[in-house]
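J.: Sharing a structure, written as structure tokens. Questions coming.
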């Protein structure tokens, strides 16, 4: 887990900062960003399940989630969706319903920032509730804008 925490911020920054030259580059960057986000979310859930509410690792993972929530805005450039004919879990609705997608991104970013503050508090009840709300904000976007996993 320690290696994850060391590498994840760099993966998130690299994924967010990449200005992709091709749709394939954009998709790779997006996948890397979401994999790092998923790893940070898994670490968060694992720490909460273990009762580690004052763990520095929890605060670090919450910070990584918050950073990813800010980076996600650059992960969906035009041409990097299904129309590229490349493998992607991103639905075409991301680009056809941009206002709704942006609202979902904004909701996740707000929830991630809130969770980062909550994680720093060490308050068990608030952290448990915050993790559930954070997961719900992820699910809200996945339900509409991500191809379902089989």
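A short reminder: the numbers here are calculations on the coordinates, not readings from a lab. None of the values given here were measured: they were computed from a predicted structure. Here Cβ is always computed from backbone atoms with ideal geometry, including for glycine, and neighbour counts include all displayed protein chains.
J.: Compute the long axis of helix 98-121 from its Cα atoms, compare it with the longest principal axis of the Cα atoms of the chain, and write down the angle in degrees, 0 to 90, nearest 10.
T.: Between helix and principal axis, roughly 20 degrees.
J.: Counting other C-beta atoms within 10 Å, which of 48, 54 has the fewest, and how do the rest follow?
T.: Values: 48 20, 54 15.
Lowest count first: 54, 48.
J.: Another one. Can you compute the helix-only [θ] at 222 nm over the chain? Use -39500 (n - 2.57) per DSSP H run of at least 4 residues, normalise by all residues, nearest 500 deg cm²/dmol.
T.: -24500 deg cm²/dmol
J.: Another question, then. Can you sort 98, 88 so the residue with the fewest Cβ neighbours within 10 Å comes first? Present the calculation step by step, with values, prior to reporting the outcome.
T.: On the way: 98 11, 88 22.
Fewest to most other Cβ atoms nearby, the residues stand as 98, 88.
J.: In degrees, nearest 10, range 0 to 90: what is the angle between the Cα axis of helix 56-71 and the longest Cα principal axis of the chain?
T.: For helix 56-71, the angle is close to 20 degrees.
J.: Using the 2.2 N^0.38 Å rule of thumb for compact globular proteins, work out how segment 2-145 stacks up: its C-alpha Rg over that value, please.
T.: Normalised by 2.2 N^0.38 Å, the Cα Rg of segment 2-145 equals 1.06.
J.: Still on this structure: Measure nothing fancy, just the Cα-based angle from helix 23-49's long axis to the longest principal axis of the chain, in degrees from 0 to 90, nearest 10.
T.: 20
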